[in-house]
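Since every read-out is calculated from the coordinates, none of them should be taken as a lab result. None of these values were measured; they are calculated from a predicted model. When we count neighbours, we look across all protein chains shown, and the Cβ atoms used for this are built from the backbone with ideal geometry, even at glycine.
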Amino acid sequence: MATLKDKLREKIEAHRPRTARLLKEFGDVKVGEVTIEQCIGGMRGVKSLVTDISYLDPFEGIRFRGKTIPEVMAALPKPKGKDYPYVEGFWYYLLTGEVPTLQETLDVVEEFKERRKVPQYVFDILKAMPKDTHPMTMFSAAVLSMQNESKFAKFYNEGFNKMIAWESMYEDSTDLIARLPVVAAFIYRLKYKNGDIIAPDDNLDLGGNFAHMMGIPEPYDDVARMYFIIHSDHESGNVSAHTTHLVASALSDAYYSLSAGLDGLAGPLHGLANQEVLSWIQDVMAKMDGKLPSEEEMKKFVWDTLNSGQVIPGYGHAVLRKTDPRYMSQREFCLKHLPNDPIFAFVSRLYDVVPDILREQGKAKNPWPNVDAQSGVIQWYYGLREYDFYTVLFGVGRAMGVLANITWDRALGYPIERPKSLTTDMLEKVAGI
Ligand SMILES: CC(C)(COP(=O)(O)OP(=O)(O)OC[C@H]1O[C@@H](n2cnc3c(N)ncnc32)[C@H](O)[C@@H]1OP(=O)(O)O)[C@@H](O)C(=O)NCCC(=O)NCCS
């Protein structure tokens, strides 16, 4: 029986000559012109990263390994009676680009069970942290604390071989994916449920187990599957993916790299925006005594926020130029499972007014909602009301994309990343100033 690792090996061996040829024969071919605006303005649109795990089209949204979100959800095997696929099968798909059979998926489910044991010292470290530590800090610290388990670091210290370095990166990455739900649920129960920890259940898949360990009944298992899949990847240039890739390019192992990527995800302009959306909404709801604002009232709240110099969380994107399909898939879930929820009604009303206002203000290049505008609603509805935890959920999902990427980075021997910087004097000279 071919394991996921064997399949991945086959894929890597078939892929390597393509990368080698591009570098050797076409390395001088220009793929874009870098402008001063791109140098100073966060490298927007500079085509200088390669990944086959996902691609973000500004108007269509994300494709994972060539498939849109609805196509992924339809193609992958699902647990019996569930609406969303096994996360384990999605990990197989992200790594190999092939839709696994049910049996191949179940093999990964079994593999994850063997790998998911979290060392006791991780829990001890988390317990020792100050009670008011942000859950993202706890999550990143937990990942980093396991670095001494890294098989890649051990492999490096015992004699590094570039051609097989991906194997220990794969091992670390798979260990991490299997363990992260356990760590995340532990943080949640420790911080918000008086440390009343629920042990994993061997009969459940990753999504089912996460819901179980969080102590939230069905259909939260499907929420977890959907949530982790749609948050997994957004091509290579976003802060969490790029940071993970950058750190790994120094041959840092998956623990160092993911922990750094999670630190980027914790930023208010990136993954923390989902927490900010809910806190903004609650603020407005409190001012309205819980009543749904009329369109006119909502417009005033949005303008007040903009006029005070703040951004509208959950709106805008560095690459996307339409409503995020990750927003839409969560909206579809809400329409099916919680159509009358007051916060959902609030988010829908925001959708009615914000794009026009952002267009009128004329600053944001994309006036449409992104993934974060909707995600908190579902979590809140199922009883997960501690919204500073939401980014941890994002992080569990995002880990799959960034770890699949760094496994392939090692497989293809991508070098240490080192862009060139210029001085302002130099730019002024180029500009003829
Ligand atoms: C996502 C985000 C960081 C992208 O930043 P970006 O690529 O610089 O976006 P733009 O090029 O459209 O920004 C141009 C201007 O519009 C502003 N803008 C962008 N999105 C905005 C929003 N949602 N509300 C108000 N202003 C916004 C920017 O702050 C910037 O203003 P400045 O020129 O005064 O600095 C930005 O849209 C944002 O801050 N959104 C809110 C936070 C969020 O939802 N993050 C999650 C992303 S998945």
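Seen from every direction in turn and averaged, the convex hull around the alpha carbons of the stretch 273-381 projects onto 6.3 nm². Dipole magnitude for the chain: computed about the Cα centre from +1 point charges on Lys and Arg Cβ and -1 point charges on Asp and Glu Cβ, it is near 520 debye.
For every helix of n ≥ 4 consecutive DSSP H residues, a contribution of -39,500 (n - 2.57) applies; sum these over the chain, divide by its total residues, and give [θ] at 222 nm rounded to the nearest 500 deg cm²/dmol. Kindly include the intermediate steps, with their values, before the conclusion.
On the way: 20 runs with 257 residues, N = 433.
One gets -19000 deg cm²/dmol as the mean residue ellipticity at 222 nm.
For residue 315, the amide hydrogen comes within under 5 Å of the amide hydrogens of 370, counting only partners 5 or more places away or on other chains and with H modelled in the peptide plane. Dipole size of the stretch 1-119 about its Cα centre, with +1 on Lys/Arg Cβ and -1 on Asp/Glu Cβ: approximately 240 debye, rounded to the nearest 20.
Using a cut-off of 10 Å between beta-carbons, work out the net charge of the residues near residue 82 (Lys and Arg +1, Asp and Glu -1, residue 82 not included).
Working: positive: 78, 80, 225; negative: 83, 205, 218, 221, 222.
Value of the local net charge: -2.
Longest segment of the chain with no chymotrypsin sites (Phe, Trp or Tyr not before Pro) in a DSSP loop having at most 13 other Cβ atoms within 10 Å? Intermediate values should be presented prior to the final figure.
Details: sites that count: 59, 160.
Counting only loop sites that pass the neighbour cut-off, the longest clear stretch is 161-433.
When the charge dipole of the chain is built from unit charges on Cβ atoms (+1 for Lys and Arg, -1 for Asp and Glu) and taken about the Cα centre, the candidate among 413, 138, 302 whose Cα reaches farthest toward its positive end is 413.
In vacuo Debye scattering of the chain, one point per C-alpha: log10 I(q)/I(0) at q = 0.12, 0.13, 0.14 Å⁻¹? Values returned for q = 0.12, 0.13, 0.14 Å⁻¹ are -1.04, -1.21, -1.38. With a cut-off of 13 Å between beta carbons, the residues surrounding residue 422 carry a summed charge of 0, where Lys and Arg count +1 and Asp and Glu -1.
What is the local net charge at residue 342, summed over the other residues whose Cβ is closer than 11 Å to its Cβ (Lys, Arg +1; Asp, Glu -1)? Spelling it out: positives minus negatives among the neighbours equals +1.
Per-residue Cβ neighbour counts within 10 Å put 308, 240, 54 in the sequence 308, 54, 240, beginning with the fewest. Exposure proxy for 422, 403: other Cβ atoms within 10 Å of each Cβ, ordered fewest to most, give 422, 403.
Residues 164, 357, 230, 312, ranked from the fewest to the most other C-beta atoms within 10 Å, line up as 164, 357, 312, 230.
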